[in-house]
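Everything below concerns the one structure shown next.
The values are calculated or read from the model by the stated rules, or taken from the named source; none is laboratory data. Note that the structure is a prediction, hence the values are computed from the model and not measured. Positions of Cβ are backbone-derived with ideal geometry, glycine not excepted, and every protein chain shown enters the neighbour counts.
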Amino acid sequence: MSFATISRHPLRKTATFVAVALSALALAAGRAEADDLIDGSVRAHMLAHKDGRVAHLESEYNDVFVEKRGPLLALTTRVRNEKFFHSIVNLTDPDDMPAPYTRLMTAGLLYPPSIRHILMVGLGAGSISTYLGRAMPDVQIDVVELDPGVIAAGRKYFGLKETDKIHLIESDGRVYLNRSKERYDLIILDAFRELGIPFHLLTREFFELIKNRLAPGGAVASNLAATTKLYVSALVTLRAVFPTLDTYSDWKETDERQSIAVATLSPRPSADELKQRAQALERHYHFRYPPQGYVGRRVTDENADGGELLTDDFAPVNLYETEPLPKKKR
């Protein structure tokens, strides 16, 4: 797998003009602050590093590697000598998201009526949080990462920095949500261990907790490997908590398909509503990867045959994540 395969009345007119101008100025100031999200000297140093393994980091939670190929720097793990890519950044372009699934994650932006506060569970190399932080400088982003080694690697090798808008929080995602009383417009789930998603972040009880931490109209977007029984079981479990569940994926990328499941308590938006929301977001933020490009990939009735409800008392994640689904005809 290559690195790349892993947005009238005169007074009223005047008031409107002033409001738009002030908004533009605020966004321009925010974009200037967005440059503070990356330590350019770290990335320049990494760019000058020879290709291949840059670092091997062992922690209490993970055995991770930092690897470089050209301008791409990746955070990977190995299981039984098989390499798994978890996050990739472009050292020469902080607005690039080389891994296709990270772009699909932005489909979650289409669901909340407004976005002021985002929670990410799982940091990786920070490609998603950096992209959103640079594109949406008026949004508060909290990133919760269990492994202090991953946070340290993010700073040392990927040049990640904290600002008053982006916070890096060392904690288990579920523990954090239990303790926090914050309400989020969008919660993004992208946590991993060496092989897959920690089981306690896939159960009905966890999704109930997420439901209670969403702001009105809020949504949760979860990155899932879509080729095993664990995937359909995750869909069954999400549907047990959220009345609306859409999935986004791209079969053309690889047979080891990643799918983004977006769940909300709100009624399912129509395709036209999604397009209107995407256009409004694009007018305001000018994304490198406009969310409108993913509207056509939505599936509203993803087949979950064979899936089982995952609970704190029944979550055989290790078994299900290695049990393949029948290949879908394309």
(request) Only residues that are at pLDDT 95 or above, hydrophobic (A, V, I, L, M, F, W, C) and touching a strand residue (DSSP E or B) at 6+ places or on another chain (Cβ under 6 Å): list them for segment 90-103, please. (result) L91
(message) When you scan segment 234-248, do you find a residue that is among the acidic types (D, E), at pLDDT below 95 and either part of a strand (DSSP E or B) or touching a Ser or Thr at 6+ places or on another chain (Cβ under 6 Å) (or both), even just one?
(response) no
(message) Pairs please, first residue from segment 169-183 and under 22 Å from N62 (Cβ atoms), second anywhere and of a type in the set (S, T, Y) and modelled with pLDDT of 95 or more, Cβ atoms under 8 Å, 6+ apart in sequence or on different chains.
(response) I169/Y176
(message) If I141 meets every condition in (1) among the β-branched types (V, I, T); (2) within 25 Å of A44 (Cβ to Cβ); (3) out of contact with any helix residue (DSSP H, G or I) (no Cβ under 9 Å at 6 or more places or on another chain) apart from one, which number is that one?
(response) (3)
(message) Need the failing condition index for Q292 against (1) in a helix (DSSP H, G or I); (2) surrounded by 18 or more Cβ atoms within 10 Å (Cβ to Cβ); (3) at pLDDT 95 or above, just the number.
(response) (3)
(request) Enumerate the pairs (first residue in segment 65-77 and farther than 16 Å from G154 by Cβ; second residue anywhere and hydroxyl-bearing (S, T, Y)) with beta-carbon separation below 7 Å, excluding pairs fewer than 6 apart on the same chain, so at least 6 apart or on different chains. (result) P71/T92
(request) Sort out which residues of segment 56-71 are over 18 Å from V42 (Cα atoms) and in contact with an Asp or Glu (Cβ under 7 Å, 6 or more places away or on another chain), and write them in order of number. (result) S59, Y61, N62, D63
(message) Consider segment 161-182. How many of its residues are among the hydrophobic types (A, V, I, L, M, F, W, C) and farther than 19 Å from F206 by Cβ?
(response) 2
(request) List every residue pair whose Cβ atoms sit under 9 Å apart, with the two residues 6 or more apart in sequence or on different chains, where the first one lies in segment 297-309 and is at pLDDT 95 or above and the second, anywhere, is aliphatic (A, V, I, L, M) and part of a strand (DSSP E or B). (result) R298/V262; T300/L245
(request) Give segment 144-174 a look and list any residue that's more than 21 Å from S41 (Cα to Cα), part of a helix (DSSP H, G or I) and basic (K, R), or say none. (result) R174
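Sort through A240, A153, A215, A225 and tell me the only one that's in contact with a strand residue (DSSP E or B) (Cβ under 8 Å, 6 or more places away or on another chain), surrounded by fewer than 21 Cβ atoms within 10 Å (Cβ to Cβ), more than 25 Å from H117 (Cβ to Cβ) and small (G, A, S). Write out each step before concluding.
Working: A240 fails: in contact with a strand residue (DSSP E or B) (Cβ under 8 Å, 6 or more places away or on another chain); A153 fails: surrounded by fewer than 21 Cβ atoms within 10 Å (Cβ to Cβ); A215 fails: more than 25 Å from H117 (Cβ to Cβ).
The conditions single out A225.
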(request) State all residues of segment 262-283 that are closer than 21 Å to I188 by Cα, in contact with a helix residue (DSSP H, G or I) (Cβ under 9 Å, 6 or more places away or on another chain) and not charged (D, E, K, R); if no residue qualifies, say none. (result) V262, A263, L265, P269, L274, A278, L281
(request) Could you list, in sequence order, all residues of segment 145-154 that are of a type outside the set (D, E) and touching a helix residue (DSSP H, G or I) at 6+ places or on another chain (Cβ under 8 Å)? (result) L146
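Could you pull out the residue among L91, L168, L160, L119 that is aliphatic (A, V, I, L, M) and closer than 26 Å to S259 by Cβ? Even if it seems obvious, please write down each step before you answer.
Details: L91 fails: closer than 26 Å to S259 by Cβ; L168 fails: closer than 26 Å to S259 by Cβ; L160 fails: closer than 26 Å to S259 by Cβ.
Going through L91, L168, L160, L119 in turn, just one is aliphatic (A, V, I, L, M) and closer than 26 Å to S259 by Cβ: L119.
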